[in-house]
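J.: If you scroll down you'll find the structure; I have some questions about it.
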Amino acid sequence: MIYKDLRGFIKQVEMLGALRHIDGADPRFEIGGITEVAAGTAECPALLFDRIKGFAKGFRVFTNATTTPQRAALALGLDPALKPLDALKAWMKKRQTLTPRKPVAVTSAAFLENSMRGRQVDMAKLPAPYWHRKDGGPFIGSGSIVIMRDPDGGWINASIYRVQVHGRNKVTIQFDHPGRHGAIIAKKYWDKGRSCPVAVVNGEDPALFIAGFEYLPDGQSEYDFAGAIKGAPLQVLNGPLTGLPLPALAEIILEGELLPASKIMLPEGPFGEFTGYYAADARPSPVMQVNAIHHRDDPILLGSPPMKPPRFHFGLPFRAAAIWGNLEMAGVTDVVGVWQHVAQLMTVVALKQRYAGHAKRAALIAAAQSYMGRLVVVVDDDVDPSDLADVMWAVTTRCEPSEQIDIVRNAWSSALDPRIPPEAKDAGVTSHSKAIIEAVRPFGWKDKFPPTSALTAKETREIEAKWGLAIEGKKPAAPKSNRNRGRG
């Protein structure tokens with residue numbers, strides 16, 4: 001059964017044995033540091049921080065929520081026991097059949113168990129961490145949802161934008177660029193000389209967290225998409241100050257107004273990016289005046305800070321699923337899997353070669369859709385694209401660099417790319433090159449290529465099914481005896 005709210009999700013994670021409780025950490029660098037170290041371990045557990053230094057017991061922070069394929073599948077309402085590539089396939093199938101479910105209004109909300117308004121508002125009462133040592137300040141919004149209503153169409157935008165604390169009742173909201181839905185909506189209010197009503201949801205339903213980073217078309221609300229993931233509508237209550245529909249079971253909500261950029265801006269950042277680097281110095285950003293803070297008893301802040309790759313905020317690569325769909329739409333047959341590694345900066349396509357040029361055709365299409373990624377690798381269908389060790393085995397034994405590596409120049413990247421020179425970024429040039437690596441048996445003599453000694457995927461799964469518990473150090477079921485029993 002899918003979780004009801006963030007607390008329900010945390011309980012399910014604990015039932016999987018994937019939750020660790022951490023007491024006494026300092027929100028200044030320690031929570032972020034512990035989160036990154038834990039995310040870099042093979043186990044990669046989710047973390048629930050309590051008794052945070054400087055805060056009363058019960059004010060908690062939850063991190064590494066969906067960083068593994070197992071917990072990403074759980075958040076999507078899929079079987080967490082699925083293998084990573086199988087989980088991605090299951091999501092692609094579910095994604096095609098999702099039915100948007102509009103939220104339902106309720107008359108009471110858990111987030112109103114505690115409220116601070118007016119002069120009572122004090123952001124310092126919430127444990128907003130300094131996630132990285134060179135960050136420009138504490139960021140309460142690293143995995144938070146910003147709620148706004150389009151003044152023309154009336155539709156609700158609920159997207160993830162980072163939120164930095166600047167004082168007792170002020171935070172900045174960073175939109176990345178003016179093309180973001182949030183920036184477009186805010187400008188509509190500002191052009192009319194008005195502040196933009198806004199709410200920041202911290203500690204939201206994981207389905208809403210996922211909806212917040214999905215690319216949805218104008219007019220389609222993330223609320224409807226989150227309801228589709230769960231198979232049930234979200235419950236919302238109109239905010240007491242903004243009138244915006246707010247998730248009733250959210251942990252912490254800020255209500256207020258986004259002040260016109262012509263009146264006030266504050267320096268935002270820097271903030272560590274998903275590449276593992278800082279991309280820019282502090283820049284002016286719109287300011288939210290926080291007029292109310294609402295929170296549940298013993299509230300939980302959902303933290304999802306960018307970390308050094310291969311750590312990433314979501315354990316299933318949605319962009320890889322999109323590339324897989326692109327390949328199928330382009331008529332590239334026999335693709336058995338697409339995956340992305342190193343925080344989606346390396347794309348791997350696995351296919352069964354049918355003709356000369358098959359692998360190159362797939363690679364070029366994947367390269368065109370690989371945002372910021374410099375490496376595109378194609379492997380044969382006996383290689384698991386989600387297993388980086390398996391991929392590198394193919395690269396080191398099937399790719400002849402002088403024959404099977406091509407470079408595509410002037411390709412799609414971003415200002416976040418640390419390798420693009422500053423002068424190029426200043427000129428607005430954010431392209432780079434991509435290496436296409438064909439780590440496949442050469443098509444012309446693939447049937448003469450030495451046979452592999454490795455287990456097939458089918459054989460591996462049979463071994464895991466029979467002996468997996470023993471391998472993990474758990475007691476396996478006693479084997480049945482094949483000996484003939486004596487007759488009485």
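J.: Give the residue, chosen from ALA46, ALA25, that is within 19 Å of the chain's Cα centre (by Cα) and surrounded by 18 or more Cβ atoms within 10 Å (Cβ to Cβ).
T.: Selected residue: ALA46, the only one of ALA46, ALA25 that is within 19 Å of the chain's Cα centre (by Cα) and surrounded by 18 or more Cβ atoms within 10 Å (Cβ to Cβ).
J.: Is there any pair with a first residue in the range 212-229 that is among the aliphatic types (A, V, I, L, M) and a second that is assigned to a helix (DSSP H, G or I) whose Cβ atoms are under 6 Å apart and which are 6 or more apart or on different chains, and what are they?
T.: Within 6 Å, the pairs are ALA226/ALA207; ALA226/LEU208; ALA226/ALA211; ILE229/ALA207.
J.: Please count how many residues of the range 247-284 are surrounded by 20 or more Cβ atoms within 10 Å (Cβ to Cβ), within 30 Å of ALA39 (Cα to Cα) and either touching a Lys or Arg at 6+ places or on another chain (Cβ under 9 Å) or without any contact (Cβ under 8 Å) to a residue 12 or more places away in the chain (or both).
T.: Residues meeting the conditions: 8.
J.: Could you check the range 432-448 and list, in sequence order, the residues that are part of a loop (DSSP other than H, G, I, E, B) and open to solvent by less than 40 Å² (accessible area, probe 1.4 Å)?
T.: Those that are part of a loop (DSSP other than H, G, I, E, B) and open to solvent by less than 40 Å² (accessible area, probe 1.4 Å): VAL440, PRO442.
J.: Could you say which residue among VAL146, VAL200, VAL171, VAL165 is at pLDDT 95 or above, out of contact with any helix residue (DSSP H, G or I) (no Cβ under 9 Å at 6 or more places or on another chain) and of a type in the set (A, V, I, L, M, F, W, C)?
T.: Numbers: VAL146 fails: out of contact with any helix residue (DSSP H, G or I) (no Cβ under 9 Å at 6 or more places or on another chain); VAL171 fails: out of contact with any helix residue (DSSP H, G or I) (no Cβ under 9 Å at 6 or more places or on another chain); VAL165 fails: out of contact with any helix residue (DSSP H, G or I) (no Cβ under 9 Å at 6 or more places or on another chain).
Checking each option against the conditions leaves just VAL200.
J.: Can you name every residue in the range 1-14 that is assigned to a helix (DSSP H, G or I) and open to solvent by less than 50 Å² (accessible area, probe 1.4 Å)?
T.: LEU6, GLY8, PHE9, ILE10, GLN12, VAL13 - these are the residues of the range 1-14 that are assigned to a helix (DSSP H, G or I) and open to solvent by less than 50 Å² (accessible area, probe 1.4 Å).
J.: Could you list all residues from the range 132-164 that are part of a loop (DSSP other than H, G, I, E, B), closer than 20 Å to GLY203 by Cα and open to solvent by 10 Å² or more (accessible area, probe 1.4 Å)?
T.: Selection gives PRO138, SER142, TYR161.
J.: Counting only residues that are among the hydrophobic types (A, V, I, L, M, F, W, C) and open to solvent by less than 10 Å² (accessible area, probe 1.4 Å), how many does the range 343-366 have? Steps first, please.
T.: Step one: of the range 343-366, the residues among the hydrophobic types (A, V, I, L, M, F, W, C) are 343, 345-346, 348-351, 356, 359, 362-366.
Narrowing the set further to residues that are open to solvent by less than 10 Å² (accessible area, probe 1.4 Å) leaves 343, 348-351, 359, 362-363, 366.
Result for the range 343-366: 9.
J.: With GLY54, GLY58, GLY17 as the choices, which residue is open to solvent by 50 Å² or more (accessible area, probe 1.4 Å) and either in contact with a His (Cβ under 6 Å, 6 or more places away or on another chain) or assigned to a loop (DSSP other than H, G, I, E, B) (or both)?
T.: Details: GLY58 fails: open to solvent by 50 Å² or more (accessible area, probe 1.4 Å); GLY17 fails: open to solvent by 50 Å² or more (accessible area, probe 1.4 Å).
The unique qualifying residue is GLY54.
J.: Scan GLN369, GLN340 and give me the residue that is among the polar types (S, T, N, Q) and touching a Pro at 6+ places or on another chain (Cβ under 7 Å).
T.: Testing whether each residue is among the polar types (S, T, N, Q) and touching a Pro at 6+ places or on another chain (Cβ under 7 Å) leaves just GLN340.
J.: Check LEU74 against each of (1) surrounded by fewer than 21 Cβ atoms within 10 Å (Cβ to Cβ); (2) assigned to a helix (DSSP H, G or I); (3) out of contact with any strand residue (DSSP E or B) (no Cβ under 6 Å at 6 or more places or on another chain) and name the one condition it does not meet.
T.: The failed condition is (1).
J.: To continue, here is another question. Residue check, ALA427 against (1) of a type in the set (A, V, I, L, M); (2) open to solvent by 10 Å² or more (accessible area, probe 1.4 Å); (3) at pLDDT below 95; (4) under 19 Å from THR275 (Cβ atoms), all met but one. Which one?
T.: (4)
J.: Are any residues in the range 218-246 polar (S, T, N, Q) and open to solvent by 30 Å² or more (accessible area, probe 1.4 Å), and if so, which ones? It would help to see each step written out before you state the result.
T.: Taking the range 218-246 as the starting set, the residues that turn out to be polar (S, T, N, Q) are 220-221, 235, 238, 242.
Those that are polar (S, T, N, Q) and open to solvent by 30 Å² or more (accessible area, probe 1.4 Å): GLN220, GLN235, ASN238, THR242.
J.: Another question, if that's okay. Search the range 165-188 for residues being among the aliphatic types (A, V, I, L, M) and touching a Pro at 6+ places or on another chain (Cβ under 6 Å), and hand back the single one that is surrounded by the most Cβ atoms within 10 Å (Cβ to Cβ).
T.: Taking the range 165-188 and keeping what is among the aliphatic types (A, V, I, L, M), we get 165, 171, 173, 183-186.
Subset that is touching a Pro at 6+ places or on another chain (Cβ under 6 Å): 165, 173.
Details: VAL165: 19, ILE173: 24.
By that ranking, first place goes to ILE173.
J.: Have a look at GLY182, GLY219 and point out the one that is part of a loop (DSSP other than H, G, I, E, B) and modelled with pLDDT under 95. If you could, list the steps in order and put the result at the bottom.
T.: Details: GLY182 fails: part of a loop (DSSP other than H, G, I, E, B).
Every option except GLY219 fails the conditions.
The values are calculated or read from the model by the stated rules, or taken from the named source; none is laboratory data. None of these values were measured; they are calculated from a predicted model. Because the Cβ atoms are built from the backbone with ideal geometry, glycine has one as well, and the counts that use them run over all protein chains shown. What goes into the accessible areas is simple: the full protein's heavy atoms, side chains included, and nothing from ligands, DNA or RNA. Shrake-Rupley method; radii C 1.70, N 1.55, O 1.52, S 1.80 Å.
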